Each structure stands twice: as structure tokens, then as C-alpha cells.
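Take a look at the structure set out below.
The values are calculated or read from the model by the stated rules, or taken from the named source; none is laboratory data. Predicted, not measured: the structure shown is a model, and the values here were computed from it. Cβ atoms come from the backbone with ideal geometry, glycine included; neighbour counts cover every protein chain shown. Surface accessibility is based on the protein's heavy atoms, side chains included, excluding ligands, DNA and RNA. Shrake-Rupley method; radii C 1.70, N 1.55, O 1.52, S 1.80 Å.
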Amino acid sequence: MQIYLDTANIDQIREGAKLGIISGVTTNPSLVSQEGTADYEAVVREICSIIPGPISVEVLVEGVEPMIEQAQLISSWAPNIVIKIPATSDGLEATSALAKEKIKVNFTLCFSLNQALLGALAGATYVSLFVGRLDDIGHDGMEVVKDIVEVFAHYKLATEVIAASIRHPEHCVAAAKAGAHIATVPYKVLMQMLQHPLTDVGVARFIGDWQGVSRK
Ligand code: G3P
């Protein structure tokens with residue numbers, strides 16, 4: 001399972017990149033709006049210059065033609081951009097058209113197997129299933145991820161499944177067990193994935209024991 005960062009924060013992306021395990025970044029208009037700038041293009045271009053992998057960038061308009069036109073514009077900003085298109089009827093039509101133009105689409109705001117299946121049939125490169133938001137309303141988001149992975153494998157669909165709206169490290173464990181191709185995680189959750197109190201205790205003990213001997 002690949003790990004993407006789910007953020008538009010440049011500092012977090014730079015810090016994450018140093019670890020050498022970040023394969024891509026997903027953003028959305030809410031995340032970019034938190035960065036205190038109205039210059040969408042500048043933020044996107046900077047992210048694309050830090051991480052060479054796929055960078056998902058969402059359209060900011062509704063309607064088939066406006067989405068297609070904006071997707072064409074945004075994808076001209078950098079070669080590694082993937083366009084996020086919402087799982088609506090207009091979004092599906094736009095996804096089909098963009099896929100024919102070889103523009104990569106992340107079919108986003110998916111909450112069901114049916115939405116994901118339609119996105120894959122339209123030629124989306126990725127589908128994003130929002131696990132945390134499904135959990136929020138009493139569903140089991142990761143069960144849906146598991147079902148999508150199984151169905152895509154059964155029908156040999158090349159579309160990759162992104163477990164999105166990840167809220168805590170246990171979501172990452174469950175996404176990996178469900179067979180998600182990618183989990184896109186907030187920076188805080190990425191750091192939590194690495195933490196274990198026994199590792200900290202172990203490091204302190206190893207260093208302490210060695211210092212004890214080397215001082216003799
Ligand atoms: O990748 C989608 C993600 O940004 C949504 O997360 O926490 O707003 O549901 P959240």
C-alpha cells in the first residue's frame with residue numbers, strides 16, 4: 001500500500017518528503033483554503049515541485065463543460081497533476097471525457113461501491129472512498145474499501161483505490177488489510193503511524209547501556 005499525504009500544507013509536505021516514503025499528495029479546496037492564500041495555482045505548483053508523484057487537485061466549478069475546461073487548465077500546471085472530479089452525474093460525464101483525453105482523474109467523494117465502480121468504468125485512474133466521513137454517520141467505511149478492492153480485482157479493473165478521509169493510525173492498518181492501493185493520510189496520522197512507546201524506551205536503553213560501557 002502506498003502512502004500519500006492528504007494536505008496542502010507546504011511545510012508538512014516538505015517534512016514528509018524527507019522521510020522518503022511519500023508517493024503522492026491529495027488536496028481538496030478545503031485543505032487549500034486552510035493555507036491562507038487565494039492563489040490556488042501557486043500552492044499546487046509548489047506541491048508539484050516537492051513531490052514527483054501524483055498530486056490530486058480538485059476542480060472548483062460545477063457542470064460538465066466548466067469541469068472539463070478547468071481540468072484541462074489545471075493539468076497544464078505540472079505533469080504530475082491528477083484531477084479530482086466529484087462522484088456526481090456531471091462528474092461522471094466529465095471523467096469519461098477527460099479519460100479519453102488521457103487526463104488522469106481521481107474520482108472523489110465516493111461513499112459507495114456503485115459510485116466507485118462507475119468511476120472505474122468511466123476510466124478514472126483512482127477512486128477515493130471517504131472512510132472517516134462514512135464512519136461519522138455510523139457506517140463502516142473500510143468495509144466499503146474492501147468491497148471495492150475485491151470487485152475491481154474480480155473484474156480486472158486497473159483503477160486504484162484510495163482510502164481517504166483517514167482519521168487515525170488504525171484506519172491505516174485497516175486500509176492495508178483491506179487491500180487499498182493507497183491510503184492518503186494527514187501529516188499528524190503519518191507521524192502517529194511511526195510512534196510506539198516501546199521503540200522510544202528501547203532506543204533510550206540501547207544508548208544508555210552503550211554509554212555505560214564506553215565510559216569504563
Ligand atoms: O482525502 C479526503 C479528505 O481530505 C477528507 O478528509 O477528514 O475532511 O473527511 P476529512
So which residues in the range 75-120 are touching a strand residue (DSSP E or B) at 6+ places or on another chain (Cβ under 7 Å), free of Cβ contacts under 8 Å to residues at least 40 places away in the same chain and in a helix (DSSP H, G or I), if there are any at all?
75, 91, 94, 95, 98, 99, 120
List the number of the failed condition for residue 149; all other conditions in (1) touching a residue at least 24 places away in the same chain (Cβ under 8 Å); (2) open to solvent by 20 Å² or more (accessible area, probe 1.4 Å); (3) within 16 Å of the ligand (Cβ to nearest atom); (4) in a helix (DSSP H, G or I) hold.
(3)
Filtering the range 152-174 down to residues that are more than 15 Å from the ligand (Cβ to nearest atom), of a type in the set (A, V, I, L, M, F, W, C) and in a helix (DSSP H, G or I), which residue is nearest to residue 3 (Cα to Cα)?
173
Only one of (1) assigned to a helix (DSSP H, G or I); (2) closer than 25 Å to residue 92 by Cβ; (3) over 14 Å from the mean Cα position of the chain (by Cα) is not met by residue 192, so which one is it?
(2)
Anything in the range 121-138 that is open to solvent by 20 Å² or more (accessible area, probe 1.4 Å), within 19 Å of residue 184 (Cβ to Cβ) and within 14 Å of the ligand (Cβ to nearest atom)? List them, or say none.
133, 135, 136
Can we say residue 75 is surrounded by fewer than 17 Cβ atoms within 10 Å (Cβ to Cβ) and polar (S, T, N, Q)?
no
Complete set of residues in the range 30-58 that are within 15 Å of the ligand (Cβ to nearest atom) and basic (Lys, Arg)
none
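So which of 20, 16 is open to solvent by less than 70 Å² (accessible area, probe 1.4 Å), part of a loop (DSSP other than H, G, I, E, B) and within 23 Å of residue 171 (Cα to Cα)?
Going through 20, 16 in turn, just one is open to solvent by less than 70 Å² (accessible area, probe 1.4 Å), part of a loop (DSSP other than H, G, I, E, B) and within 23 Å of residue 171 (Cα to Cα): 20.
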Scope the range 177-200; condition polar (S, T, N, Q), within 24 Å of residue 9 (Cβ to Cβ) and open to solvent by 50 Å² or more (accessible area, probe 1.4 Å); matching residues:
192, 195
Please specify each residue of the range 37-74 satisfying the condition of being in a loop (DSSP other than H, G, I, E, B) and over 14 Å from the mean Cα position of the chain (by Cα).
37, 38, 39, 52, 59, 60, 61, 62, 63
